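Participant: Okay, handing you the structure first.
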Amino acid sequence: MTELLANHVAGRWQHGTGTGTPLFDPVLGTELARVDATGLDLPAAFRFARDTGGAGLRALTYRQRAALLGAVVKVLQTHRDAYYEIATANSGTVKNDSAVDIDGAIFTLGQYAKWGDALGDVQVLRDGDAVKLGKEPVFLAQHLQVPTQGVALLINAFNFPAWGLWEKAAPALLSGVPVIVKPGTATAWLTQRMVRDVVDAGVLPAGALSVICGSSNGLMDALEPFDVVSFTGSAETGALIRSHAAVAQRSVRANIEADSLNSALLMPDAAPGSEAFNLLVREVVREMTVKSGQKCTAIRRVLVPAAVYDAAAEAIGAKLRAITVGNPRNEGVRMGSLVSRAQLQSVREGLATLRQQADLLHDGSQQPLVDADPAVAACIGPVLLGAKDADAAPLVHDVEVFGPVATLLPYRDTAHAIALAHRGQGSLVTSLHGSDDAALARTAVRVAASHGRVHVVTPEVAQTHTGHGNVMPMSLHGGPGRAGGGAELGGLRALDFYHRRSAVQASPAVLAALGL
Ligand code: NAP
């Protein structure tokens, strides 16, 4: 039997009382560990975090909590090698892809440590200037932001066990709100190990950080009105969270990051072989293959002028042919595996669905694997589909295949391209590729309403842009509509979710005594 990973709740490590759900190496098929949350006293766990963890964090200033984040960064850096080993084993990712998760997490925490330090030694945030409530300035309203007096329940997807934890926990802890994380089960080991290292290092107040691995049963029931829940995962589960009594009746604040049919758009003036064209091709291939396409921000739809459809298919296909797929431990492998055989099955089913309305332009789904047994490994090569009539292929605008799959779609003119981008019903990100700054700016504004982020790639920023799918802590992460309507990151804006706004109406003397 493999090790049963412990949960950390109510200030101590506790094992579930069941036999546990096994976690696997998705390439070798071997069992790595087990997780189980059966029998945990969840109301007590949430109470401890809320009362003990919350009080401990709120006793500190923003600058002091920022220092805690800095201390967490140091702990994680010490154990970085172990995290890479776990990611290879449990997520099946090559080193560069593990870095997106692990180093992305550490970078994000470091940023929040810096931003938090600049907030200074205060315990309340001023929200705008005081405004007079009558004719004379003798009685005024001052809006404040104060940490919510509850817990932050973080429910995460399987694809980012490290970054998914810390991109949410950093603003929560900085705000003074204790965290209970429930990782996606398939890859829970890395999250559990990071929490273990941080808890064992004793750098956070008791109750500030808890982890519950395994079933989500009962988690939502344990939420009380001042708690918040931040969810990342499928639209289906997101809908369950949204309609749960905690949210629908007890007004628990919920942030939902769900699936997204992101697009990349090649501008009309970009001819085959132009720099803009080549940059789009590079970006599409990168997005299809990083983490085997298991990124919520990955490019799923590639919108190109009809006249360059064939050239784009050829150029993207040529690069995809060079992608080696298989065991991430083999230095020659560029793309590792999906997280599980279940995901492989789901990708194959999704492909079959899209094939009803799209042609195969590059089929890596049967390509030989390097150092991996196709009967065991959850590996699949990249697949580029194409639909010559983008309007008559509703499935490609609706079905998210969470793997190395994208669909090429031709458009007639810019208005048509924008209409197709909007057909994602709200997405996390679109990237625009071109060299006409004015046309790019106009298009950026027109797609902004349905996208959390518009990433514009021009030849000038070829070497410096941060990548279509890379979520930087400085920028908003989230998207309207289908993408869940959530808003994470974006610098200190992320703190809003973990704060409550209140207006203090009082005399100038009382407001001055607030010391803001
Ligand atoms: P999922 O099946 O919806 O699961 C997400 C999380 O919710 C997991 O921790 C899961 O636990 C938990 N969960 C399942 N049922 C629940 C319930 N009834 N109540 C509370 N929690 C519940 O999604 P996934 O398959 O892990 O992730 C893939 C999806 O996530 C993709 O659609 C992708 O687009 C999306 N995603 C979005 C973003 C973003 O930022 N927008 C980022 C990454 C991924 P178990 O694992 O134990 O089932």
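We did not get these values from a lab; they are worked out from the coordinates using the rules stated. Being a predicted model, the structure only gives us computed values, none of them experimental. Cβ coordinates were reconstructed from backbone atoms using ideal geometry, including for glycine residues, and neighbour counts include every protein chain displayed.
Participant: Give me the net charge for the shell around residue 19: Cβ to Cβ below 14 angstrom, other residues only, Lys and Arg +1, Asp and Glu -1.
Facilitator: So the environment of residue 19 carries a net charge of -2.
Participant: Quick check on the exposure proxy: order 477, 79 from fewest to most C-beta atoms within 10 angstrom.
Facilitator: By the 10 Å Cβ count, ascending: 79, 477.
Participant: Which of 74/295; 168/388; 295/388 have a Cα-Cα distance over 31 Å?
Facilitator: 168/388
Participant: Turning to a different aspect of this structure: Which GluC sites (Glu not before Pro) from region 284-391 combine a DSSP loop assignment with at most 12 other Cβ atoms within 10 Å?
Facilitator: Here the sparse-neighbourhood loop sites are 331.
Participant: Starting from the eigenvalues of the Cα gyration tensor, five times each then square-rooted, give me the equivalent ellipsoid semi-axes of the chain, largest first, whole Å.
Facilitator: Semi-axes, largest first: 39, 30, 19 Å.
Participant: What list of ³J(HN,Hα) values in whole Hz, one per residue of region 425-432 in order, does the Karplus curve 6.51 cos²θ - 1.76 cosθ + 1.60 (θ = phi - 60°) give from phi, with Gly and Pro shown as x?
Facilitator: 3J(HN,Hα) across region 425-432, in whole Hz: 6, x, 10, 6, 7, 10, 10, 10.
Participant: Under 5 Å between amide hydrogens, which residues at least 5 positions from residue 15 or on another chain qualify, with H placed 1.01 Å from N in the peptide plane?
Facilitator: Correct list: 7.
Participant: Please order 371, 117 by the number of other Cβ within 10 Å, starting at the fewest.
Facilitator: 371, 117
Participant: Taking the Cβ of residue 430 as the centre, find all other residues whose Cβ is under 10 Å away and add up their charges (Lys, Arg: +1; Asp, Glu: -1).
Facilitator: Residues near residue 430 contribute +2 overall.
Participant: I would also like to ask the following. Could you tell me how many degrees, from 0 to 90 and to the nearest 10, lie between the Cα long axis of helix 341-355 and the main elongation axis, the longest principal axis, of the Cα atoms of the chain?
Facilitator: Orientation of helix 341-355: about 60 degrees from the principal axis.
Participant: If I fit a long axis through the Cα atoms of helix 437-448 and take the longest principal axis of the Cα atoms of the chain, what angle between them do I get, 0 to 90°, rounded to 10?
Facilitator: 60 degrees
Participant: Give me 292, 243, 450, 260 sorted ascending by neighbouring Cβ count inside 10 Å, so fewest comes first.
Facilitator: 243, 450, 260, 292
Participant: Count the DSSP beta bridges whose two residues both fall in the chain, then state the antiparallel fraction as a percent rounded to the nearest 5.
Facilitator: Looking only at bridges with both residues in the chain, the antiparallel portion is about 40 percent.
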